[in-house]
Amino acid sequence: MGEAAVDAAAEGAGDGDMAVVDALIAERDQWKDRALRAVADAENTKRRAESQANDARAYAIQRFAKDLLSVADTLERGLQSAPKDAEGPAAAMVTGLELTQKSLLSAFESNGLTRVAPEPGEAFDPHLHQAVMEQPSDSVPGGTVIQTLQPGYALFGRTVRAAMVAVAAKGSGPAGGAYSEANTTGGNFDAKA
């Protein structure tokens, strides 16, 4: 029964019939609410399924990429131990290894896998970096990266492997810096700011 029909029946009914009409209106409203909730639930399910499918497509290569990271690490260690002043066939082998590494990193980039290798002095980011040691430093302030021990990788912004880094200990930094004892009035307060 449509809303117009229910309203018309309400106008033509007497007091005894009003209870029936009120019950019909309440039942109509209840079914209307159920229908709206069912439609909303179906839309939410559809959006959730689309989101999961998009994530599955975007991150499908994550496991494969993670397996290739050990290959990239081995190739990098091989290049680090290769003689820099090699001649003849050894020089050709080193050049081949460099080209292979460049090609592998290019394939990573084209598939959304980016290398995370922070430079000394960059702020430590626990979402991208894993601190494996802390040591005092005269060159960088405390809480920043001193050295990258192993590069990390991120796939479309999601960390696949965190970069292993050495972090400067609290109180580190160049002499005469903003937080040296001569320039502060207490704690980490910067009087110059």
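The values are calculated or read from the model by the stated rules, or taken from the named source; none is laboratory data. None of the values given here were measured: they were computed from a predicted structure. FYI the Cβ positions are ideal-geometry reconstructions off the backbone, even for glycines, and counts take in every protein chain you see. Side chains included, ligands, DNA and RNA excluded: accessible areas come from the protein's heavy atoms. Shrake-Rupley method; radii C 1.70, N 1.55, O 1.52, S 1.80 Å.
If the requirement is being among the aliphatic types (A, V, I, L, M), under 30 Å from residue 149 (Cβ atoms) and open to solvent by 60 Å² or more (accessible area, probe 1.4 Å), which of these qualifies: 39, 71?
After applying the criteria, what remains is 71.
Take the range 105-122 and flag every residue that is over 17 Å from the mean Cα position of the chain (by Cα) and within 18 Å of residue 173 (Cα to Cα).
Of everything in the range 105-122, those that are over 17 Å from the mean Cα position of the chain (by Cα) and within 18 Å of residue 173 (Cα to Cα) turn out to be 119, 120, 121, 122.
Which ones in the range 143-175 are modelled with pLDDT under 90 and either small (Gly, Ala, Ser) or closer than 13 Å to residue 122 by Cα (or both)?
143, 157, 169, 171, 172, 173, 175
What pairs come out if I take residues in the range 107-127 that are touching a residue at least 12 places away in the same chain (Cβ under 8 Å) and within 15 Å of residue 141 (Cβ to Cβ) and pair them with residues that are open to solvent by 80 Å² or more (accessible area, probe 1.4 Å) and outside any loop (DSSP other than H, G, I, E, B) whose C-beta lies under 9 Å away, six or more apart or interchain?
120/147
Hey, among 45, 100, 74, which residue is over 27 Å from residue 164 (Cβ atoms) and either of a type in the set (Ser, Thr, Tyr) or touching a residue at least 60 places away in the same chain (Cβ under 8 Å) (or both)?
Selected residue: 45, the only one of 45, 100, 74 that is over 27 Å from residue 164 (Cβ atoms) and either of a type in the set (Ser, Thr, Tyr) or touching a residue at least 60 places away in the same chain (Cβ under 8 Å) (or both).
Need pairs with beta-carbon distance below 7 Å; first residue small (Gly, Ala, Ser) and within the range 10-23, second modelled with pLDDT of 60 or more; sequence gap 6+ or separate chains.
These pairs meet every condition: 10/21; 13/21.
All but one of (1) exposed (fewer than 11 other Cβ atoms within 10 Å of the Cβ); (2) within 23 Å of residue 165 (Cα to Cα) hold for residue 120; state the number of the condition that does not hold.
Of (1) exposed (fewer than 11 other Cβ atoms within 10 Å of the Cβ); (2) within 23 Å of residue 165 (Cα to Cα), only one is false for residue 120: (1).
In the range 13-36, which residue that is among the small types (Gly, Ala, Ser) and in a helix (DSSP H, G or I) is surrounded by the fewest Cβ atoms within 10 Å (Cβ to Cβ)?
Ranking the qualifying residues of the range 13-36, first place goes to 16.
Keeping to the range 68-104, report how many residues are closer than 25 Å to residue 155 by Cα and either among the charged types (D, E, K, R) or not in a helix (DSSP H, G or I) (or both).
Total meeting the criteria: 5.
Return the only residue of 94, 132, 145 being surrounded by 15 or more Cβ atoms within 10 Å (Cβ to Cβ) and either under 30 Å from residue 172 (Cβ atoms) or of a type in the set (Phe, Trp, Tyr) (or both).
145
Look at the range 52-68 and say how many of its residues are in contact (Cβ under 8 Å) with a residue 60 or more places away in the chain and either open to solvent by less than 80 Å² (accessible area, probe 1.4 Å) or at positive phi (or both).
5
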